[in-house]
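The values are calculated or read from the model by the stated rules, or taken from the named source; none is laboratory data. Values in this document were obtained by computation on a predicted structure and should not be read as measured data. Counting neighbours? That spans all protein chains shown, and the Cβs are built from the backbone with ideal geometry, glycine included. Each accessible area value is taken on the protein alone, full model and side chains, heavy atoms only, with ligands, DNA and RNA left out. Shrake-Rupley method; radii C 1.70, N 1.55, O 1.52, S 1.80 Å.
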Amino acid sequence: MPLLQADHEEADTRLILHAVNAVANGYTRILVECRDTDVILMMIHFLGHLQAEIWMVSGTAKQRKYYPISEISRKLPKSVVDNILGFHALTGCDTTSSFTGHGKKTCWKVFLEHPQLLDGVGRDGPTAQSEEFVCRFYGATNPLAGVDKARHVMFQKGKKAVEMFPPTKDALELHLSRANYQAKIWLQANIPQIKIGSPLDTGGWKKGSDGIEIVWCHLPAVPNACIELVSCGCTTKCKMASCKCNKSGQICTPACACNADNCRNPAGL
């Protein structure tokens, strides 16, 4: 069977290829037995619209679960079905990292409202829309301004731990390159020969001593000028000599308790 002589490395994508081929050969009911999120999402993307009854069988031997793929796919907007694999790759899967404090459920709500923002993931599209999507699930006041601006605003407010900030633009672009690579593999699950280059070509991975390693960022996580971040807790507009910023010779910032508003810190006068 030439159509099934595939070069797929993963069984996940081979399942989709076989299911698509079975429907093409007249089968009207397909049951795929698997307990994998990647597979159910690929089934929704590739099989939900076919003229067949498609089910995913999961659970344990004593308690089976049956997921009606065709019904699920019909209830989702077409743009969601089209981009659901890019969504999964971007928000975290077996080969890509997730965003601290933002699980699938949080990101899914934004995805349902703006699925078109992930049109390019897995299709070598521009990254600006994906960056806007990330800004939106982080609750950025101006999601079009980018993640660096969102980080700046959150830092000024000083209400969240640093690890809860969005990634820098540098780190996000590397993450998007990995997500695009993974989604591109999934989006070719219905064809025998997957056209994909080396993951090293994306820039998101590099060759290490023990195999392939992730490239998390190119720029330092914190600029040298900000290695020692100082903020004061003054409630008297920094009139006292005990002001931490005054002692270190730094001006006050919005991260300080004085909010740098009418501050009397001599370093800022």
Point to revise | Among (1) part of a loop (DSSP other than H, G, I, E, B); (2) closer than 15 Å to Leu187 by Cβ - the single one Lys62 does not satisfy | key: (2)
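Here is a yes/no grid of residues against (1) open to solvent by 40 Å² or more (accessible area, probe 1.4 Å); (2) of a type in the set (D, E, K, R):
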| position | (1), (2) |
| --- | --- |
| Ala89 | no, no |
| Gly101 | yes, no |
| Pro115 | no, no |
| Asp119 | yes, yes |
| Arg123 | yes, yes |
| Glu131 | no, yes |
Check your understanding: Can you name every residue in the stretch 147-170 that is touching a helix residue (DSSP H, G or I) at 6+ places or on another chain (Cβ under 7 Å), charged (D, E, K, R) and outside any helix (DSSP H, G or I)?
Key -> Lys160
Check your understanding: Mind checking which residues of the stretch 55-81 are open to solvent by less than 50 Å² (accessible area, probe 1.4 Å) and out of contact with any Ser or Thr (no Cβ under 8 Å at 6 or more places or on another chain)?
Key -> Met56, Val57, Ser58, Gly59, Pro68, Ile69, Ser70, Ser73, Leu76, Ser79, Val80
Practice item. Would you tally the residues in the stretch 71-88 being assigned to a helix (DSSP H, G or I), under 14 Å from Pro115 (Cα atoms) and touching a residue at least 12 places away in the same chain (Cβ under 8 Å)? Key: 10
Check your understanding: Looking at Val39, Val32, which is the one that is over 24 Å from the mean Cα position of the chain (by Cα), open to solvent by less than 30 Å² (accessible area, probe 1.4 Å) and modelled with pLDDT of 95 or more?
Key -> Val32
